1. Taking region 25-43 only, how many residues are closer than 18 Å to residue 76 by Cβ and surrounded by 14 or more Cβ atoms within 10 Å (Cβ to Cβ)?
2. Considering only residues that are surrounded by fewer than 17 Cβ atoms within 10 Å (Cβ to Cβ), outside any strand (DSSP E or B) and touching a strand residue (DSSP E or B) at 6+ places or on another chain (Cβ under 7 Å), which ones fall in region 51-72?
3. Search region 75-99 for residues being in contact with a strand residue (DSSP E or B) (Cβ under 9 Å, 6 or more places away or on another chain) and without any contact (Cβ under 8 Å) to a residue 12 or more places away in the chain, and hand back the single one that is surrounded by the most Cβ atoms within 10 Å (Cβ to Cβ).
């Protein structure tokens with residue numbers, strides 16, 4: 001099972017997600033759940049985050065649509081994201097909205 005970090009790193013990620021100001025990418029290792037059409041698809045690891053996007057590490061062979069949702073214990077809101085790039089099992093996403 002995936003584990004999430006805690007402490008100062010978590011607080012920095014929460015601060016980046018909560019603000020609209022431009023910020024550096026922050027390395028992380030938060031677990032997340034990928035949701036498509038309100039259905040769980042797979043777990044992921046959020047390996048870095050900024051105010052505008054995230055990098056995800058996904059299970060091998062994961063295929064996702066251009067838009068989907070991410071839920072993570074790091075924030076209470078659901079993140080609506082759009083695929084920006086894919087390299088191997090890693091994907092960059094843009095945060096479109098926070099619900």
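Nothing in this text is a laboratory measurement; each read-out follows from the coordinates by a stated rule. Because the structure is predicted, anything quoted here is derived from the model rather than measured. Don't worry about glycine lacking a Cβ; one is built from the backbone with ideal geometry, like all the others, and counts go over all protein chains shown.
1. Total meeting the criteria: 7.
2. Within region 51-72, 52, 59, 62, 65, 66 meet the criteria.
3. Start the filter on region 75-99 by keeping residues that are in contact with a strand residue (DSSP E or B) (Cβ under 9 Å, 6 or more places away or on another chain), which leaves 75, 77-86, 89-99.
From what's left, without any contact (Cβ under 8 Å) to a residue 12 or more places away in the chain: 85-86.
Details: 85: 11, 86: 15.
Only one residue tops the list, namely 86.
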